Amino acid sequence: MQQRHALCLSLGLALLAAAGTQQAQAADPYSPEPASTYQDPPAFNWTGAYVGAHGGIGFSGSPNPFSDRNGVAFGAQAGYNMQMGPGIVGTEIEGSYLGDTEHNVRGGKLKEKWRGAIKAKAGLSFDQTLVYGTAGYAMTSYKKGGGVQNDVGFKGGYLVGAGVEQGFGGGLSAKLEYNYIATPDVRTSTAFGTTEKDINSHVIKAGVNMRF
């Protein structure tokens with residue numbers, strides 16, 4: 001008989017405990033949400049080597065880049081960028097065909113044919129947008145035009161410029177860049193004798209790069 005009373009008492013206590021648990025859950029219907037697994041995407045980074053191609057227009061007159069003395073400019077480039085915070089530094093080499101951009105000299109004309117350049121680059125990144133300046137050394141090949149008796153060949157000078165580059169997914173980016181090139185003491189021979197002249201050139205070009 002005592003065992004039966006003990007069993008009934010145990011069942012009663014179990015039922016009371018279950019009822020209390022249900023009441024507590026009903027009083028607090030909101031359970032904590034699981035921790036979110038979302039992570040912000042990694043920030044865009046410009047560090048790395050790249051190769052690319054460019055095309056544009058070369059001109060000797062200013063401010064009109066569309067005169068009849070203009071020539072096409074297209075070629076290839078390769079370089080390396082290093083990002084430190086928002087700052088970018090880098091180096092680049094490029095080679096371009098210049099399509100006979102003309103320059104007036106005393107008694108005739110000179111035409112640009114080829115250019116190779118090695119440039120330093122520094123700029124600021126705004127996530128996937130890079131704004132930069134560039135400067136370096138350029139070697140330009142000149143050939144004789146009307147009235148000039150000698151091909152000058154390659155002459156060295158300096159290059160300065162600026163540009164903006166927009167990055168996309170997969171390492172691809174597109175850029176727009178302006179370069180000013182000054183080549184001092186270019187010697188030509190014409191019917192008026194031998195003269196030396198500083199040759200100044202401008203190039204506006206668009207290009208694409210693939211970063212590795």
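For this structure, a couple of remarks:
- Förster radius 35 Å - calculated FRET efficiency between Met210 and Lys143 (Cβ-Cβ, nearest 0.05): 0.60
- Model label sites at Val72 and Tyr178, defined 7 Å from Cα along the beta-carbon direction, differ in position by 2.4 nm.
- Full extension of the chain between Asp198 and Asn45 gives 51.0 nm of extra length, using 0.36 nm per residue less the Cα-Cα distance.
- Rg [Å, one decimal], Dmax [Å, integer] - the range 48-211, C-alpha atoms: 17.1, 58
- Semi-axis lengths, Å, the range 104-156, gyration tensor of Cα atoms, sqrt of 5 times eigenvalues: 36, 11, 8
- Cut-off 20 Å (backbone N to label point 7 Å along Cα→Cβ of Ala122), residues of the range 70-92: 79-92
- Here the range 148-203 is treated as a Stokes sphere of Kirkwood radius computed over C-alpha pairs; at 4 °C and 1.567 mPa s its diffusion coefficient rounds to 92 µm²/s.
- For the pair the range 163-212 and the range 103-158, the centres of their Cα atoms are 5 angstrom apart.
- Proxy reagent accessibility, fewest Cβ within 10 Å first, across Met139, Met210: Met210, Met139
Computed from the coordinates by the stated procedures, all read-outs in this text should not be read as laboratory data. Computed from a predicted model, the values in this text were never measured in an experiment. Please note: Cβ atoms are built from the backbone with ideal geometry, for glycine as well, and neighbour counts cover all protein chains shown.
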